Structures are given as C-alpha cells and as structure tokens.
1. Answer yes or no as to whether Glu154 is open to solvent by 40 Å² or more (accessible area, probe 1.4 Å), closer than 30 Å to Glu97 by Cα, charged (D, E, K, R) and free of Cβ contacts under 8 Å to residues at least 60 places away in the same chain.
2. Check Arg135 against each of (1) of a type outside the set (Ser, Thr, Tyr); (2) within 30 Å of Asp186 (Cα to Cα); (3) open to solvent by less than 100 Å² (accessible area, probe 1.4 Å) and name the one condition it does not meet.
3. Looking at this structure, is Glu104 within 23 Å of Val172 (Cα to Cα), of a type in the set (D, E, K, R) and open to solvent by less than 20 Å² (accessible area, probe 1.4 Å)?
4. Return yes or no: is Ile234 within 22 Å of the chain's Cα centre (by Cα) and in contact (Cβ under 8 Å) with a residue 24 or more places away in the chain?
5. Can you name the residue in segment 77-101 that is aliphatic (A, V, I, L, M) and surrounded by fewer than 18 Cβ atoms within 10 Å (Cβ to Cβ) and, of all such residues, is modelled with the lowest pLDDT?
6. Condition first: in contact (Cβ under 8 Å) with a residue 60 or more places away in the chain, open to solvent by 60 Å² or more (accessible area, probe 1.4 Å) and either hydrophobic (A, V, I, L, M, F, W, C) or closer than 22 Å to Gln194 by Cβ (or both). Now tell me which residues in segment 107-130 satisfy that.
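The values are calculated or read from the model by the stated rules, or taken from the named source; none is laboratory data. Nothing here was measured: the structure is a model prediction, and the numbers come from that model. Cβ placement follows ideal geometry from the backbone for every residue including glycine, while neighbour counts extend to all protein chains displayed. To get the accessible areas, we keep the full protein, side chains included, count just its heavy atoms, and leave off ligands, DNA and RNA. Shrake-Rupley method; radii C 1.70, N 1.55, O 1.52, S 1.80 Å.
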Amino acid sequence: AVIDGKEVKAIQLVELVIKEKNGGDAQACGKIKGTVRYDGAVNEAVTGVVTAWRQEVVKKDPNGTTTVTYRPVYKAEIINGSYTLMLPAGTYKVRIEGANFTAEWFDNVVELADAKDIVVECNTIREANFVVNARPTPVLVVAEGRVYDAVSNEPVKALVVFEARTKDANAVDARYARVVAETRADGSYEIKLQAGVNYIGVVNMSLMKNASNQYLVEYYNNTHDAAQATAINITANTNGIDFPMDKREAYNN
C-alpha cells in the first residue's frame, strides 16, 4: 500500500511449534513381556493376542475432580507361547484372549477392575506371565439337508452358511461361530455344528463364484426375511434341514 507517498509493506511471521499433547502417544521405550501356557498337561503352544490398556486420568469438571480410566492402545501376538509389548512409559493393565482359551487379565482375574497395574518405565522390562484355561472341546453334531429348486425340486449348487446367534460370546467356540458347507451334486449337504447353540441357516447365491443370481436369499425355515428365520439348535445328529429355493420374479421389459 502507498501511504503519504511512501510504499508500506506488512509482513507477518508465523512460527509453528509442535509439542506432544498431554496423554498422547509417546515413543515406546519400555517392555512388558512374558509367557503364556495352558494350565495342566496340555502339550500345545498358546496362540492369541495380548492387549495393553493404558491408564488415563480424566478431568470430569471445572472443580478439578478426576477419574482414572483405561484404554486399549497396544497389541501384540502370542507366538509359540510368548509375547513382547513395546510401550511408552506409563501404567497399564494387560489382557490376553484367543480362540482356544478363556480370556483373562493379569494376574488371573476376569474383570478389568480386578486386574493388576503394571508400571512401565523407560529402558526397563516388566514380566507378566499367564497360565490360561483351555476351552473344553465343544460337542459337535451333524446337520444334514438339501438345497433344491422349490418348484422343480432340482438340486441347487450352493453354499449353506450357519452363523451362531447368542448373547453370551463364551457360549460358542470361535471355530464354530460361522460354519459353511457346500452342497453335493444332488443338492445335499452335511455340516458339523456345536451342540446346544442357536444358529441361523442361510443360502445366498451371491456367495458362490460365477453362480446365477436367479434365486432369492433363503433362510431356514422357508423365508427370505432374516428377522423371520427359525433358529436351529440341535443336540444330536439331525437330518431334514432343507432349503427350498424360490426364484426371483422375472420381468419382461
């Protein structure tokens, strides 16, 4: 700008200073490591995941009242029965979980509130070993049935999917929470389910590679609506869990 015949320039200097936010993730400088084995004479390496929950102090109101909470922030795999967590300095609770054992917190408790705090300092190694209870081998039963065209009774090549439906996550073995069977040439199938668990059975042709999409999604028992599906809960080998497939309505444009 020109003021009173003189050229005036305004220059603004901006300096950016980046600082770590309180409670933010700092550089990992310490370790929690340990072993995980099954209780009893189980000759099998434990596999699963270890999670470190970091302690955080939260300010609840302007008066300065605070509360302590924990947040899951770091994970490591259990490999051949051992693990290592690389962590910033802080206070942590550690939880382990896996498909073949009952999840628990350190040291041998099931609730977060009861878990021991582990204080991690830079250039130190804290040890936290676990002895876990193997999940009992689930009782399996065989479900059999047939997938066929509802009008012609011709066999339909398809995948039959059974998904567990339960509010208790520990009631079903993770290996049998979702099971799939492919039909044979005559449309029949056979599959192993966990006894006493509620399953929803469905045939969805979109799951098949290069399959015709001429059929509607079919839930057991004889419905296209997932909300109307009948739960399958068997405790012995059972036949006759059939899926009669209805074709989509054809339109002549």
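1. Numbers: open to solvent by 40 Å² or more (accessible area, probe 1.4 Å): yes; closer than 30 Å to Glu97 by Cα: no; charged (D, E, K, R): yes; free of Cβ contacts under 8 Å to residues at least 60 places away in the same chain: yes.
For Glu154, the condition - open to solvent by 40 Å² or more (accessible area, probe 1.4 Å), closer than 30 Å to Glu97 by Cα, charged (D, E, K, R) and free of Cβ contacts under 8 Å to residues at least 60 places away in the same chain - is not met.
2. Unmet condition: (2).
3. Details: within 23 Å of Val172 (Cα to Cα): yes; of a type in the set (D, E, K, R): yes; open to solvent by less than 20 Å² (accessible area, probe 1.4 Å): yes.
Considered against the rule, which asks whether it is within 23 Å of Val172 (Cα to Cα), of a type in the set (D, E, K, R) and open to solvent by less than 20 Å² (accessible area, probe 1.4 Å), Glu104 comes out as yes.
4. On the way: within 22 Å of the chain's Cα centre (by Cα): no; in contact (Cβ under 8 Å) with a residue 24 or more places away in the chain: yes.
No, not satisfied.
5. Within segment 77-101, the first condition is being aliphatic (A, V, I, L, M), and the residues that meet it are 78-79, 85-87, 89, 94, 96, 99.
From what is left, the residues that are surrounded by fewer than 18 Cβ atoms within 10 Å (Cβ to Cβ) are 79, 86, 89, 99.
On the way: Ile79: 93, Met86: 96, Ala89: 96, Ala99: 81.
Only one residue fits best here, namely Ala99.
6. Cys122, Ile125
Residue-by-condition table, conditions (1) more than 25 Å from the chain's Cα centre (by Cα); (2) in a strand (DSSP E or B); (3) within 25 Å of Tyr176 (Cα to Cα):
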residue	(1), (2), (3)
Gly34	no, yes, no
Val46	no, no, yes
Val49	no, yes, yes
Trp53	no, yes, no
Pro62	yes, no, no
Tyr70	no, yes, no
Tyr74	no, yes, no
Ile96	no, yes, yes
Ala113	no, no, no
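Residues checked against (1) closer than 22 Å to Val151 by Cα; (2) in a helix (DSSP H, G or I); (3) in contact (Cβ under 8 Å) with a residue 24 or more places away in the chain; (4) among the hydroxyl-bearing types (Ser, Thr, Tyr):
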| residue | (1), (2), (3), (4) |
| --- | --- |
| Arg175 | no, yes, yes, no |
| Ala181 | no, no, no, no |
| Tyr189 | yes, no, yes, yes |
| Lys192 | no, no, yes, no |
| Gly196 | no, no, yes, no |
| Ile200 | no, no, yes, no |
| Asn213 | yes, no, yes, no |
| Ala227 | no, yes, no, no |
